[in-house]
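A.B. asks: Quick one: structure below, then a few questions.
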Amino acid sequence: MRRQALTRGLDFAQADQGHHQRSSDLDLINLYRSFARLERRDWDDEAIERHCRTFLERVQPSERGGEVGTMYVAPLDIAGGEAWRLPESFRALF
């Protein structure tokens, strides 16, 4: 919350950009609460692959194109409807 408050106070180069980085405390709390309500599932390589493929199929070349950061337009609804438990083999790496 302290970091979010600091970020909200920064002057952004473009006022119409970065709104997700300047959300209110209540919006941030509600976002994390929504994560807590997601259905938990065990990791499934095939399901993850399908989710990623579906997302990548929706990435389109940008009309602005060419410049780093503007070459593609990605859909903003990347979030899924479930939370995947990391496999034990991954958790053990850290």
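Every number in this text was worked out from the coordinates using simple rules, so none of it is lab data. In this text the structure is predicted, and so the values were computed from the model without any measurement. Virtual Cβ from ideal backbone geometry, glycine too; neighbours counted across all protein chains shown.
A.B. asks: Check which residues have an amide H placed less than 5 Å from Leu38's amide H, if you skip close sequence neighbours.
C.D. replies: Residues meeting the amide H criterion: none.
A.B. asks: Amide H neighbours of Ser62 under 5 Å, at least 5 residues apart or on other chains, H built in the peptide plane: list them.
C.D. replies: Tyr72, Val73
A.B. asks: Can you tell me which of Ala13, Ala79, Ala47 moves the most in a GNM of the chain? Springs connect C-alpha atoms under 10 Å apart.
C.D. replies: Result for the chain, Cα springs under 10 Å: Ala13 fluctuates most.
A.B. asks: All other residues with a Cβ under 15 Å from the Cβ of Leu56 taken together, and with Lys, Arg as +1 and Asp, Glu as -1, what is their net charge?
C.D. replies: It works out to a net charge of 0.
A.B. asks: Counting only other residues whose beta carbon sits under 14 Å from that of Arg40, what net charge do I get with K and R as +1, D and E as -1?
C.D. replies: Values: positive: Arg37, Arg41, Arg85; negative: Glu39, Asp42, Asp44, Glu82.
Here the charged neighbours net out to -1.
A.B. asks: OK, next. Tell me, rounded to the nearest percent, the portion of alpha carbon pairs in the chain spaced more than 21 Å apart.
C.D. replies: Considering the chain, 58 percent of its Cα-Cα pairs are separated by more than 21 Å.
A.B. asks: Separate question: Can you show me the helix-derived [θ] at 222 nm for the chain, built from DSSP H runs with n ≥ 4 at -39,500 (n - 2.57) apiece and divided by the number of residues, rounded to the nearest 500.
C.D. replies: When only DSSP H runs of four or more count, the value is -11000 deg cm²/dmol.
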